[in-house]
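Q: Mind looking over this structure? Questions follow.
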């Protein structure tokens, strides 16, 4: 949201971490993944940083969450002993899959560029270098 609120600014992972109060290593991992997805443009070296890309601004929250979701199933149907003995005709799994997709579909209407509100972002933006 911070990068969507400042689409013309290039920010470092460190400045993002400090502005939002999140550990730097978490921010740097998120930045790397979002850049891999094409949602951020990045440059390395002195004066480097990241900014949101055009596709990042127009991406839907539902699409982004689908891209980031690594869980094949919403419920853990495996244990140390193997597969759940009930999963061969489990109706819970299909119900959870439908609920997860309905969740994503509801967020498909929300575009990243529409998320940041100026009043909401102002305290965070004031924590960035060069903003008054």
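Q: Which number in (1) touching a helix residue (DSSP H, G or I) at 6+ places or on another chain (Cβ under 6 Å); (2) in a helix (DSSP H, G or I) marks the one condition that residue 64 misses?
A: Failed condition: (1).
Each row is one residue, and each column tells you yes or no for (1) assigned to a helix (DSSP H, G or I); (2) buried (at least 17 other Cβ atoms within 10 Å of the Cβ); (3) modelled with pLDDT under 90.
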{"residue": "7", "(1), (2), (3)": "no, no, yes"}
{"residue": "29", "(1), (2), (3)": "yes, no, no"}
{"residue": "85", "(1), (2), (3)": "no, no, yes"}
{"residue": "93", "(1), (2), (3)": "yes, no, yes"}
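Q: Going by the conditions given, is residue 56 touching a strand residue (DSSP E or B) at 6+ places or on another chain (Cβ under 7 Å) and assigned to a helix (DSSP H, G or I)? I'd like the intermediate steps shown before the answer.
A: Numbers: touching a strand residue (DSSP E or B) at 6+ places or on another chain (Cβ under 7 Å): yes; assigned to a helix (DSSP H, G or I): yes.
Taking the combined requirement at face value, the residue satisfies it.
Q: Can you tell me which residue within region 33-51, out of those that are touching a helix residue (DSSP H, G or I) at 6+ places or on another chain (Cβ under 6 Å), touching a residue at least 24 places away in the same chain (Cβ under 8 Å) and assigned to a loop (DSSP other than H, G, I, E, B), is surrounded by the most Cβ atoms within 10 Å (Cβ to Cβ)? Walk me through it before giving the result.
A: Step one: filter region 33-51 for residues touching a helix residue (DSSP H, G or I) at 6+ places or on another chain (Cβ under 6 Å), giving 37-40, 42, 50.
Subset that is touching a residue at least 24 places away in the same chain (Cβ under 8 Å): 37, 39-40, 50.
Remaining after also requiring assigned to a loop (DSSP other than H, G, I, E, B): 37, 39.
Working: 37: 16, 39: 24.
Checked region 33-51; the qualifying residue surrounded by the most Cβ atoms within 10 Å (Cβ to Cβ) is 39.
The values are calculated or read from the model by the stated rules, or taken from the named source; none is laboratory data. Just so we're clear, the structure is a prediction, and the values are computed from it rather than from any experiment. Reconstructed Cβ throughout: ideal geometry from the backbone, glycine too, with neighbour counts over all protein chains shown.
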